[in-house]
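First the structure, in the form of structure tokens, and then the observations on it.
Nothing in this text is a laboratory measurement; each read-out follows from the coordinates by a stated rule. The model shown is predicted, which means the values in this text are computed figures rather than measured ones. Don't worry about glycine lacking a Cβ; one is built from the backbone with ideal geometry, like all the others, and counts go over all protein chains shown.
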Ligand SMILES: Nc1ncnc2c1ncn2[C@@H]1O[C@H](COP(=O)(O)OP(=O)(O)O)[C@@H](O)[C@H]1O
Ligand SMILES: [Mg+2]
């Protein structure tokens, strides 16, 4: 008998379009002989709409309740950013007692928040870039400039604490730019972080599994812009994704070890893509972030990393679905 899968995509975050592309790719590769699939498109206002063709997004039927989730064996929330990757929708699935692909509420939420993630990973000695945190309700420019001077230096990165796809993120070269970009980042979150710039390589690794985990080889991003901005990620075609990348054995070993440790500490399940910097002059490794629902287009790093070790897209999707169902069964 075919397993029943509901794929949810779109969503209320700024990564709405990215999610549509990820879901299109999953629809292209998912084995239709194995699964009966229904698609739910969440529009930008948060309405749930039943969709019969992911390529047209027309003739959508509004859903007034969550009954469709009773129908399925598992939900695949192909959602990035707020409301999809931050634990909120995972909480809904838990309340409704539905199996789903990927990390649970707590893990999604803790990985999404760049400050909380750093605090938890510092606790197990995984190196993090030096940073400061600023809350909107007590932001003071002079204090911030002093803190940057003492702890961070220039250039530095200003980021919303909870965002993705580089939205609201800027690289700052001089103190005269700080206020403008702090205000810009506050448009996306009431909490922001300011981070020391790491001059180095940007590498990423895929992790797959619940209790037993598999790590991929390591891929590298070579940004086309000054940094890996939204435009660089999705529009400009100037950035390069290299899989696998040759690193010295010691660095490769450390990244794989940190990735596994971080995945366990953050209580991830299903999947995550974990991103690191390797500083040029010292070869120091820093964990940058954990993406609990990484981009899934056919050129995205996560599926490409697994393809490189022999796990093709359709098999990867099977594994993710099985892991989601297994996690639900184990918890019940
Ligand atoms: N501390 C840093 N040093 C150097 N580059 C950085 C730093 N922080 C972010 N970047 C650049 O900005 C990009 C986006 O930052 P990231 O923290 O990954 O945010 P997002 O969650 O939006 O992907 C990174 O891919 C990298 O190119
Ligand atoms: Mg990133």
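Dividing the radius of gyration of the alpha carbons in the stretch 123-165 by their Kirkwood radius gives 0.99 for Rg/Rh. Net length available on complete extension from residue 179 to residue 330 is 49.5 nm, with 0.36 nm assigned per residue and the Cα-Cα distance removed. Radius of gyration (Cα atoms) of the stretch 60-148, expressed as a multiple of 2.2 N^0.38 Å: 1.52. Computed over the chain, the per-residue total of -39500 (n - 2.57) for DSSP H runs of n ≥ 4 gives a 222 nm mean residue ellipticity of -9500 deg cm²/dmol, rounded to 500.
Spacing of the modelled spin labels on residue 17 and residue 125, each 7 Å from Cα toward Cβ, amounts to 4.5 nm.
Under the simplified labelling scheme, the residue 231-residue 154 pair shows an inter-label distance of 2.2 nm, with each label point 7 Å from Cα along Cα→Cβ.
The stretch between residue 238 and residue 116 holds 40.7 nm of extra length on full extension. This uses 0.36 nm per residue minus the Cα-Cα distance.
Looking at the chain, what % of the alpha carbon pairs are farther apart than 33 Å?
Numbers: 13852 of 54946 pairs.
Of all Cα-Cα pairs in the chain, 25 percent lie more than 33 Å apart.
Residues within the reach of a label modelled at residue 57 (point 7 angstrom out along Cα to beta-carbon, backbone nitrogen below 14 Å), restricted to the stretch 284-318: there are none.
When you restrict to C-alpha pairs under 8 Å that are six or more residues apart and normalise by the size of the stretch 69-188, the relative contact order lands at 19 percent. Run the numbers on the chain and let me know its relative contact order in percent, using alpha-carbon pairs under 8 Å that are six or more apart. Once divided by the residue count of the chain, the mean separation gives 19 percent.
I need 199, 273 ordered by Cβ neighbour count within 10 Å, fewest first.
Numbers: 199 9, 273 24.
Taking fewest neighbouring Cβ atoms as first place, the list is 199, 273.
Sorted ascending by nearby beta carbons within 10 Å, beginning with the fewest, 301, 1 become 1, 301.
Between the stretch 27-93 and the stretch 145-200, the C-alpha centres lie 34 angstrom from each other.
Here the residues 48, 71, ranked from fewest to most Cβ neighbours within 10 Å of their Cβ, fall in the order 71, 48. Each Cα pair under 8 Å and six or more residues apart adds its sequence gap; the mean of these over the residue count of the stretch 131-196 is a relative contact order of 47 percent.
Rg and Dmax over the alpha-carbon atoms of the stretch 131-196 stand at 10.4, 29 Å. Overall shape: rounded for the stretch 3-102, with the ratio a/c of the largest to smallest alpha carbon gyration tensor axis below 1.5. DSSP finds beta bridges in the stretch 3-102, and of those with both partners inside it, around 30 percent are antiparallel. For the pair the stretch 116-130 / the stretch 253-332, the C-alpha centres are spaced 18 Å from each other.
When the chain is treated as a Gaussian network with alpha carbon springs shorter than 10 Å, the biggest mean-square fluctuation among 186, 66, 157 belongs to 66.
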